[in-house]
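What follows is a set of notes on a single structure, which appears directly below.
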Amino acid sequence: MNLGQVYTKPSVAQYMVNLFTLPAEARVLDPCFGQGAFVDALMTDGRYNVIGVELDPKSYAANTDKANDRCKLYCGNFFVLDTAEKYDGIVMNPPYVRQEEIDDMQETYGVSKERLKSLIDVEIDAKANLYMYFLLYAIKLLKNDGELIVIFPNSWENTKAGIKFKKALTANCKIGKHITVTGNPFVGDPIVDVEILKLYKTSRSIDMLSIELNVDGDSVEERAIANTNDLEFGNAVSLSWYAQIRRGKSTGGNKIFINPAMFSTQCLTDILSSPKDVNGFTTKQAKTDRYLMITSSDIQLEPAVTEYLDEWKEIIKKEGEPKALYDQIEQSPEAWYVTNDIGAGTIVFPYIIRDSVRFILNERKLLARDNFYVITSAIDKRLLMALLNNYFIWYQLEKCGKTYGNNVLKIQKYDVDDLQIISPEIISSEDTARLKDLAKDLIEKADLQIIRQITEVLAKYYENDNIENLLNDARNKRLKR
C-alpha cells in the first residue's frame, strides 16, 4: 500500500520551522511526522508545545523516544482530530498519494475519497491528490491568525484540480511566502518539483513575498526574487496559466543509463541530451542518445539487461556513488533502476542562454535531459511557438536570467513560469493565423528575421514599439559589447 511518504531533510525542516513567527508556548502540530524531522526542529527551537501525529506504526515507533512533557506524539489518522481543538501553527510535508490510490487505504486506515470530501467541507476536484485534502483539513484545525507552513509539489498550479484547490486554499488563508525550491529537499532522490508556502489564516491584507530556496546537500540558502521586469504588459498573463513547465529527465547516473555499454533494444528510448544536438527550432533532425529507461519493476528484462544492471549495482554499492542511486539501492534493492515515466512535452527550452533564445518544437516527441525545460500546453503548438519566440520574451529572459560564467544566462523554472505572454483569447483571428504561419516558417527555415516579424504582430498587444532597442541594450550590457 502506498502511504505517499517522502521525507524532508533535517536542514529543510529547520528552515521551515524558522519561518514561524509564533509566540512562546504556541501549540504546533505536525500531522504526518514520518521520520520526525519537523518534530526535531521544533524541539530544537524550544519555544513550542509540539503535537505530532503519524499514521504509519513503524515510523511512529521509531520516534517514541522523542515524546516528553512538551512533545506529545500519537499513532493514528490525522483526519479524526477534533476540529474544535485549534492549533497556533501547523508544519508539514503531506503524503503524495494519487487520487486513484486513496481508496486503497480505506480497509486498513479508514481513509477514502468520499470520507475526505465530507471532512473538508469545500468543493475539490475528483482527481485531487491526498496532499490537497491534508492541507485543507489542516486549515480547519488552525486558529484564526495562525500560521501554516507546508512543502509539497508545485504541479497543482497548472492543473484543473489545482484551480479548485487554490480557491479552497485561499478562501480562509493568505499566502505570505511563496518559496520556489531548487535542488533536492528530500531524503533520497524523488523526482518532484516542490514549493514551500507560508499561509496565514486571516482576513487582513498580506503582501506575498517570493523567495528562492536552493538546497545543496544539507545546506540551504535563500534569496528574495525581485521583480526584474521593468515593463508592464497589460494584456499579458503568466505562461504558467496556459502551460505546465518542468525540468527534463534526470537519470541519476548518465554513464549507466545513457548509451549503455550493452546491446539491447529493450527499454532503450531516444533522448535529447544537448541543445547542440538541435538544428534550428525543431527536433525533427535532432541527434539523440539512447536512454535505458525502465519504468516498472514488473517488466521482464532480457538477461543481458539484468546482468548489466547487476554489475552496476555492485559497483555503486562498493563506491557509494552516485549518491542518489546508492540511497535508492539501500531503500529498494530490487528496483533501484526504476524511474518515472514522463511525457515528452510540446516544446523544449534549453535554460542556458548565450547569444540567442530558442523555444524548440518537439516534433519527434522526444524525451529531453534535465538541461532543458519541457513545456506542455493545450495552446495550438504553432501559436505557442510564436508566443514564445519573440523579442518580448527574449527581453524578459535577459532581465530575469542569472549570469552563469562567460556572460551566459541561467534561467530558473520560476522565471519560465512567470514569462508574460499575450493571452491567446485576445488575439484577433487574423493575427492568430498570421502568427501560426510565421511560426511554421520559423520551424522550417530557422530564419531569425522571422522573430522580428512575429514581434511586430505582437507589439500592439504588448503595447510597446521599442522592445528591440530595449532587448539590444540589455543583451549588449550582459555581453559587455
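The values are calculated or read from the model by the stated rules, or taken from the named source; none is laboratory data. Source: prediction; values computed, not measured. Don't worry about glycine lacking a Cβ; one is built from the backbone with ideal geometry, like all the others, and counts go over all protein chains shown.
Some notes on this structure:
- V150 meets the conditions (1) under 21 Å from P31 (Cα atoms); (2) surrounded by fewer than 19 Cβ atoms within 10 Å (Cβ to Cβ) in every case but one. The failed one is (2).
- Qualifying residue in region 307-330 (condition: surrounded by fewer than 19 Cβ atoms within 10 Å (Cβ to Cβ), within 16 Å of G253 (Cα to Cα) and among the polar types (S, T, N, Q)): no
- Scanning region 162-183 for residues that are of a type outside the set (V, I, T), over 22 Å from K127 (Cβ atoms) and touching a residue at least 40 places away in the same chain (Cβ under 8 Å) returns a single hit, K177.
- For region 269-281, the tally of residues that are outside any loop (DSSP other than H, G, I, E, B) and either crowded, with 19+ Cβ neighbours inside 10 Å or in the same structural domain as A446 (by TED's automatic domain parsing) (or both) stands at 3.
- Among the conditions (1) buried (at least 20 other Cβ atoms within 10 Å of the Cβ); (2) within 30 Å of D298 (Cβ to Cβ), the only one that N390 does not satisfy is (2).
- Flag for A61 being at pLDDT 90 or above and assigned by TED's automatic domain parsing to the domain that holds V111: yes
- Scanning region 370-423 for residues that are in contact (Cβ under 8 Å) with a residue 40 or more places away in the chain, assigned to a strand (DSSP E or B) and not aliphatic (A, V, I, L, M) yields F372, Y373, T376, S377, T403, K410, Q420.
- Any hit, region 56-75, residues being of a type in the set (V, I, T) and either outside any helix (DSSP H, G or I) or crowded, with 23+ Cβ neighbours inside 10 Å (or both): no
- Taken over region 446-481, the criterion of being of a type in the set (K, R) and modelled with pLDDT under 95 is satisfied by K460, R475, K477, R478, K480, R481.
- Residue within region 17-36 that is part of a helix (DSSP H, G or I), of a type in the set (A, V, I, L, M, F, W, C) and either at pLDDT below 90 or within 17 Å of P94 (Cβ to Cβ) (or both) present: yes
- Of the residues making up region 401-413, none is at pLDDT 95 or above and closer than 23 Å to V181 by Cβ.
- When residues in region 340-369 are screened for being exposed (fewer than 15 other Cβ atoms within 10 Å of the Cβ), under 20 Å from the mean Cα position of the chain (by Cα) and in contact (Cβ under 8 Å) with a residue 40 or more places away in the chain, 3 of them pass.
- Between D447, D415, the distinction of being in contact with a helix residue (DSSP H, G or I) (Cβ under 6 Å, 6 or more places away or on another chain) and more than 15 Å from L383 (Cβ to Cβ) belongs to D415 only.
- Qualifying position, being under 26 Å from the mean Cα position of the chain (by Cα), among the charged types (D, E, K, R), surrounded by fewer than 22 Cβ atoms within 10 Å (Cβ to Cβ) and at pLDDT below 95, among D82, D103: D103
- Some residue of region 294-304 being outside the structural domain of L366 (by TED's automatic domain parsing), touching a strand residue (DSSP E or B) at 6+ places or on another chain (Cβ under 8 Å) and surrounded by fewer than 12 Cβ atoms within 10 Å (Cβ to Cβ): yes
- Residue, surrounded by the fewest Cβ atoms within 10 Å (Cβ to Cβ), within region 182-204, restricted to residues that are out of contact with any Ser or Thr (no Cβ under 8 Å at 6 or more places or on another chain), within 16 Å of V220 (Cα to Cα) and modelled with pLDDT under 90: G183
- Filtered by the rule that a residue be hydroxyl-bearing (S, T, Y), modelled with pLDDT of 70 or more and part of a loop (DSSP other than H, G, I, E, B), region 205-237 gives a lone residue, S205.
- Any hit, region 404-411, residues being crowded, with 17+ Cβ neighbours inside 10 Å and farther than 14 Å from R358 by Cβ: no
- A324 vs. criteria assigned to a helix (DSSP H, G or I), within 30 Å of G401 (Cβ to Cβ), in contact (Cβ under 8 Å) with a residue 40 or more places away in the chain and not assigned by TED's automatic domain parsing to the domain that holds G401: yes
- Checked against the criterion of being assigned to a strand (DSSP E or B), of a type outside the set (K, R) and in contact (Cβ under 8 Å) with a residue 12 or more places away in the chain, region 300-319 contains not a single residue that satisfies it.
To keep it simple, each residue is scored yes or no on (1) closer than 30 Å to Y461 by Cβ; (2) not aromatic (F, W, Y).
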{"site": "A304", "(1), (2)": "no, yes"}
{"site": "I329", "(1), (2)": "no, yes"}
{"site": "Y337", "(1), (2)": "no, no"}
{"site": "L361", "(1), (2)": "yes, yes"}
{"site": "Y395", "(1), (2)": "yes, no"}
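- Filter result for G76 (modelled with pLDDT under 95 and closer than 21 Å to L130 by Cβ): yes
- So D441, is it part of a loop (DSSP other than H, G, I, E, B), touching an Asp or Glu at 6+ places or on another chain (Cβ under 8 Å), more than 19 Å from S238 (Cα to Cα) and not assigned by TED's automatic domain parsing to the domain that holds N214: no
- Annotation for region 67-88: at least one member residue is basic (K, R) and free of Cβ contacts under 8 Å to residues at least 60 places away in the same chain.
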